[in-house]
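Structure, as structure tokens:
The values are calculated or read from the model by the stated rules, or taken from the named source; none is laboratory data. Fair warning: this is a prediction, and the values are worked out from it, not measured in the lab. Here the Cβ positions follow ideal geometry from the backbone for every residue, glycine too, while neighbour counts run over all protein chains shown. These area figures cover heavy atoms from the full protein model, side chains too; ligands, DNA and RNA do not enter into them. Shrake-Rupley method; radii C 1.70, N 1.55, O 1.52, S 1.80 Å.
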There are 2 protein chains.
Amino acid sequence: MPFRSPPENAILEKIHRSFRVAPRGRNARASRNSLPLGMGDDAALFAPSPGCQTILTCDWFLQGTHFLRDKHSADAVGWKSLARAVSDIAAMGGTPRCFLLSLALPQDATSAWLDAFLVGLRRAAKRFACPLAGGDTTKRREILINITVIGEVASGRALRRDAANPGDFIYVSGRLGAAQQGLQRLRKRRGAAGRANPRLQKHLYPEPRLALAAWLSKKRLATAAMDLSDGLSTDLPRLCSASGVGAIIDATSLPTVPRATASPSQAMNLALNGGDDYELLFTVPRNKAKKIPANFAGIPMTKIGKITKSRKVLLSGPSGLPKILRPQGWDPFL
Amino acid sequence: MPFRSPPENAILEKIHRSFRVAPRGRNARASRNSLPLGMGDDAALFAPSPGCQTILTCDWFLQGTHFLRDKHSADAVGWKSLARAVSDIAAMGGTPRCFLLSLALPQDATSAWLDAFLVGLRRAAKRFACPLAGGDTTKRREILINITVIGEVASGRALRRDAANPGDFIYVSGRLGAAQQGLQRLRKRRGAAGRANPRLQKHLYPEPRLALAAWLSKKRLATAAMDLSDGLSTDLPRLCSASGVGAIIDATSLPTVPRATASPSQAMNLALNGGDDYELLFTVPRNKAKKIPANFAGIPMTKIGKITKSRKVLLSGPSGLPKILRPQGWDPFL
């Protein structure tokens, strides 16, 4: 006679079924081999690769704080919850290896919503070659997600925040502010958006800069790096503070959203203070700058300023004296 | 001129300050060396030990679901949130190495509550030789905690759930139901309880069975093991299901709470269905059973039944036929 299956077991089984097939990405074989014991035990077992350090990161993704149930499709929530945590692995120059999913759900999200969430999550897991290794589930009035990603990087090759030097050039990948612009558009819409809408793509389905960061680490081109999650004006001071340096940014050089889609001041505000871009911010010694291409795999690389000895973080515009760049990005406690 | 420090940074700094001193436990030196980069970067770096597999586990600890703000002191919340996640590392026969803290707080919990929480958390981190490596913070109406613990175990020596064999004896450590009994007492009290109350100790300050599990792994005595978090009637079927076996439990052998504190039926109900004990449930081949002591470091070891080929999980009492043991422990979706 079979055991009575408690409801929690049914949800766990749905998650397990969804992830039973290993990801087909670049590192699929490595991922399978490195996970001798995945879901279903007290904890997951992971076989570290020789010569590598393990990278550990975790990220909240909470209904009402990080997404809105009526505006963000469950598919997008699944993708983005993993993508933003994987972005922290990219920011270290690493390769994701597996992840843990902590999920708290209201009863009314345990069928259709959960199914669609798992589709988006599974697509992201394949894309980033990052299989599910375990997790925890519970019941809650609102949907709560916490994702831990485990990555690896060759020992001593991690891209840290604390090693920028005065004179280094400061670069960003991609365009800044596009995700925030997508959020503004989404807020004006009625209901959730489909997967295909290109104007919302950057907000709903961010792409962590894994290949770029791994290349910078491998070629030893970057002195420091981080991902832009809270906006340049909030994140750049963090990098400077960790490195004990300052910076001066040339406002006219910032890769903003296209002119046709925003006024110059809106575009500048989005580029400085818009969160959720998951682009890479990195510093390069002056003598290595010529090795940074204008594009990396189709993503523009833009030199936006340089690191200074003085600990101020300044913004210079087309005219007048440089001004202090004040953190006005995303801060959950403001 | 210093940067304006955003409120989130102030909370991060409080957490960092609280954990700046490395734990003084058994593995203090190993822990320090294995964490070349801790808090303050995009992610933490961890140096895996040669010949070991990495153990990964995460656990929710949510206000209103897992603790009550008016009944559970912030100190106990800090201790228990880490202890229960560390218990999953113990359940694998492993040693904790570091943890990640995801914390969502209402504004009114960012000073005194946070301070007391960090005191309890830090004491647990010292006790388990498990330093804080990183995390994520955000603002929320209610206190949400998610803890990821990273542990290690010699390759191939993990205690799994899926390897119990028919004929194995089933053991538990400690007394079952004491944590649930503590919760019942706490619910009847007005306000939160102090640290010293021995009748609430098991509920508020559980001790993961790290040394016992590591010994069972090292001596290759256990075929399967798990920690009892949701109650024997819910957890034993999980072990049996993973191993493709059944079990028969002798009700009269169960190590219940002391007779003086509960009626026989209350004590039996607590032992079968009470959650949160974090005792170890493990199976031992018949020919190794004599190596299991009556006490391990002061904790009673009790043989409670045996694994069967039939996939039923049965409870035999002092009289009558054995009955199916129905899962009636903690299930958040019930």
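Summed over the stretch A:26-57, the residues that are modelled with pLDDT under 85, surrounded by fewer than 16 Cβ atoms within 10 Å (Cβ to Cβ) and not hydrophobic (A, V, I, L, M, F, W, C) give a count of 5.
Taken over the stretch A:248-259, the criterion of being touching a Lys or Arg at 6+ places or on another chain (Cβ under 7 Å) and either surrounded by 22 or more Cβ atoms within 10 Å (Cβ to Cβ) or hydrophobic (A, V, I, L, M, F, W, C) (or both) is satisfied by A:Ile248, A:Thr256, A:Val257. Consider the stretch A:86-115 and keep the residues that are more than 9 Å from chain B (Cβ to nearest Cβ) and assigned to a helix (DSSP H, G or I). The one that is surrounded by the fewest Cβ atoms within 10 Å (Cβ to Cβ) is A:Asp108.
Go over the candidates B:Thr283, B:Thr223, B:Thr302 one by one and state the one that is surrounded by 15 or more Cβ atoms within 10 Å (Cβ to Cβ), away from every other protein chain (no Cβ under 11 Å) and either aliphatic (A, V, I, L, M) or touching a helix residue (DSSP H, G or I) at 6+ places or on another chain (Cβ under 7 Å) (or both).
Working: B:Thr283 fails: either aliphatic (A, V, I, L, M) or touching a helix residue (DSSP H, G or I) at 6+ places or on another chain (Cβ under 7 Å) (or both); B:Thr223 fails: either aliphatic (A, V, I, L, M) or touching a helix residue (DSSP H, G or I) at 6+ places or on another chain (Cβ under 7 Å) (or both).
Only one candidate qualifies: B:Thr302.
Is it true that B:Arg140 is facing another protein chain (nearest Cβ under 9 Å), in contact (Cβ under 8 Å) with a residue 12 or more places away in the chain, in contact with a Phe, Trp or Tyr (Cβ under 9 Å, 6 or more places away or on another chain) and over 20 Å from B:Phe19 (Cα atoms)? Give the steps one after another, and end with the answer.
Values: facing another protein chain (nearest Cβ under 9 Å): yes; in contact (Cβ under 8 Å) with a residue 12 or more places away in the chain: yes; in contact with a Phe, Trp or Tyr (Cβ under 9 Å, 6 or more places away or on another chain): yes; over 20 Å from B:Phe19 (Cα atoms): yes.
Yes.
Scanning the stretch A:119-137 for residues that are within 9 Å of another protein chain (Cβ to nearest Cβ) and out of contact with any Phe, Trp or Tyr (no Cβ under 6 Å at 6 or more places or on another chain), we see that the one that is nearest to A:Arg97 (Cα to Cα) is A:Ala133.
Given the structure, is A:Gly64 open to solvent by 10 Å² or more (accessible area, probe 1.4 Å), within 7 Å of chain B (Cβ to nearest Cβ) and at pLDDT below 95?
On the way: open to solvent by 10 Å² or more (accessible area, probe 1.4 Å): yes; within 7 Å of chain B (Cβ to nearest Cβ): no; at pLDDT below 95: yes.
It is false that A:Gly64 is open to solvent by 10 Å² or more (accessible area, probe 1.4 Å), within 7 Å of chain B (Cβ to nearest Cβ) and at pLDDT below 95.
Residue by residue, here is whether (1) closer than 30 Å to B:Lys188 by Cβ; (2) within 18 Å of the chain's Cα centre (by Cα) holds:
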position	(1), (2)
B:Thr65	yes, yes
B:Arg69	yes, no
B:Gly93	no, yes
B:Cys98	no, yes
B:Ser102	no, yes
B:Lys139	no, no
B:Asn146	yes, yes
B:Ile150	no, yes
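Taken over the stretch B:231-247, the residue count meeting the criterion of being open to solvent by less than 20 Å² (accessible area, probe 1.4 Å) and charged (D, E, K, R) is 1.
Taken over the stretch A:145-186, the criterion of being open to solvent by less than 10 Å² (accessible area, probe 1.4 Å) and within 14 Å of chain B (Cβ to nearest Cβ) is satisfied by A:Ile145, A:Asn146, A:Ile147, A:Thr148, A:Val149, A:Ile150, A:Gly151, A:Glu152, A:Val153, A:Leu159, A:Ala164.
Looking at the stretch A:316-334, which of the residues that are touching a Pro at 6+ places or on another chain (Cβ under 6 Å) and at pLDDT 85 or above is farthest from the other protein chains (Cβ to nearest Cβ)? The residue in question is A:Ser316. Scanning the stretch B:257-292 for residues that are in contact with a strand residue (DSSP E or B) (Cβ under 6 Å, 6 or more places away or on another chain) and under 18 Å from B:Lys219 (Cβ atoms) turns up B:Leu280, B:Leu281, B:Phe282, B:Thr283, B:Val284, B:Ala289, B:Ile292.
If you scan the stretch B:198-213, which residues turn out to be open to solvent by 20 Å² or more (accessible area, probe 1.4 Å) and in contact with a helix residue (DSSP H, G or I) (Cβ under 8 Å, 6 or more places away or on another chain)? Steps first, answer last, please.
In the first step, residues of the stretch B:198-213 are kept if they are open to solvent by 20 Å² or more (accessible area, probe 1.4 Å); the result is B:198-199, B:201-202, B:207, B:209, B:211.
Correct list: B:Arg199, B:Gln201, B:Lys202, B:Glu207, B:Arg209.
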